[in-house]
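Single-structure report; data block below.
The values are calculated or read from the model by the stated rules, or taken from the named source; none is laboratory data. Given the structure is predicted, the values throughout are model-derived calculations rather than measurements. Don't worry about glycine lacking a Cβ; one is built from the backbone with ideal geometry, like all the others, and counts go over all protein chains shown.
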Amino acid sequence: MTTSADNYVAAAYVRLLYDYLESQGVEAETLLGAPTVLAEDGLEKVPLAFWRHSLEIASQHLDEPALGLAVARTITARHFDVLGYVVSHCGTLGEALARLERYHRLVYDVNPARVATVGDSLEVRWGVERGRPGALVDETGVAAVVQFIRNLVGRDLPVEAVHFVNPEPADLAPYRAFFGAEVRFDCARTVLRIPLTYLALPLGAPDPGLVDILDRQAQSLLERQPRAGSPYDAHLVRLMREGRPTLEALAERYHVSARTMQRRLAEQGETFQAVLQRVRYQLAREYLADGRLELTEVAALLGYSEHSAFTRAFRQWAGVGPKRWRREWVATSNPISWE
């Protein structure tokens, strides 16, 4: 189990465990102590180490190895703070998941979440580039996302598949029962897979005006957070702007061969193509935020010879086309900074 000392989770999210313990008749602060809350960059954060240790203590105290699943069942919008409220008032599950991807660092600033389409499915993926926080942290996080999705649509939706990077537990039954699918362990990365058809499901409390206000608040908070993510991203951003976003050029930056670069990426659950597409998506949002650029110019800057190819790719990344993203999502936020 390895993690960065700079990893944090939102204090509101940590409250989820305290609320669960109280519901079980346990005095949470007596068992765990008061959370070490750091107020900075507009957010109240708790170090990941405290969160992990608290889950471990609670699991032992309750003799509940799959504690994360039980805790996640009690998730509400307030445990995700502003992210929970903006997501709750979206029109469809697709709009909600797009915001979960965009703002997830406000709740869980550990390994970044990335969304991709695979055939008729959508996958939310977490790598290990910022460490392995442990089974209880991972299981609580993924289960909380699944339960929150179920809360949003008002149905106990099954998922298609769940993969964890951690060792397989002795009893798989609680995991299969919770997720409604086969769950795999000892995988290269954590994955949550759902059908693409779920994205069109309507939510129960749509409020476009409130979403617009909360979007601005969430975006403002996000822009104040220190940038997380893979170190390869920043290098590839510069290479993209230089017009040579290739594996060989990235390897040159690290003074290694292309084969060694591939191996390093694989060791972190990455591929060059995945990093390239992630950076394209990040730059696409930056360029789209600049209202002076035509969509054809954005496509060219990202290395697409045809505007239609860029539009298809962006729709896969964001769930909406670039025109709609520019119109509905940019609001008054500043372009993303890459420093």
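Could you run through segment 119-140 and say how many residues are assigned to a loop (DSSP other than H, G, I, E, B) and among the acidic types (Asp, Glu)? Residues in segment 119-140 being assigned to a loop (DSSP other than H, G, I, E, B) and among the acidic types (Asp, Glu): 2 in total. Return yes when Gln273 is under 22 Å from Val118 (Cα atoms), assigned by TED's automatic domain parsing to the domain that holds Glu242 and at pLDDT below 85 and no when it is not. For Gln273, the condition - under 22 Å from Val118 (Cα atoms), assigned by TED's automatic domain parsing to the domain that holds Glu242 and at pLDDT below 85 - is not met. Once segment 93-111 is narrowed to residues that are surrounded by 21 or more Cβ atoms within 10 Å (Cβ to Cβ) and acidic (Asp, Glu), the residue that is nearest to Ala188 (Cα to Cα) is Asp109. Just one residue in the set Arg155, Arg114, Arg105 is assigned to a strand (DSSP E or B) and either more than 15 Å from the chain's Cα centre (by Cα) or at pLDDT below 90 (or both); that residue is Arg114. Residue count for segment 256-275, restricted to those that are closer than 11 Å to Gly127 by Cβ, exposed (fewer than 15 other Cβ atoms within 10 Å of the Cβ) and charged (D, E, K, R): 1.
To keep it simple, each residue is scored yes or no on (1) more than 18 Å from Leu83 (Cβ to Cβ); (2) outside the structural domain of Thr76 (by TED's automatic domain parsing); (3) at pLDDT 95 or above.
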residue	(1), (2), (3)
Asn7	no, no, no
Ala10	no, no, no
Tyr20	yes, no, yes
Gly33	yes, no, no
Glu40	no, no, no
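Under the condition of being of a type in the set (Ser, Thr, Tyr) and part of a helix (DSSP H, G or I), which residue from segment 241-299 is nearest to the chain's Cα centre (by Cα)? My answer is Tyr281. Going residue by residue through segment 60-71, is there one that turns out to be farther than 19 Å from Val183 by Cβ and crowded, with 20+ Cβ neighbours inside 10 Å? No, segment 60-71 contains no residue that is farther than 19 Å from Val183 by Cβ and crowded, with 20+ Cβ neighbours inside 10 Å. For Arg193, the conditions (1) touching a residue at least 60 places away in the same chain (Cβ under 8 Å); (2) assigned by TED's automatic domain parsing to the domain that holds Arg285 all hold with the exception of (2). Return the only residue of Leu276, Leu288 being closer than 19 Å to Ala234 by Cβ and hydrophobic (A, V, I, L, M, F, W, C). Criteria check complete, one pass: Leu276.
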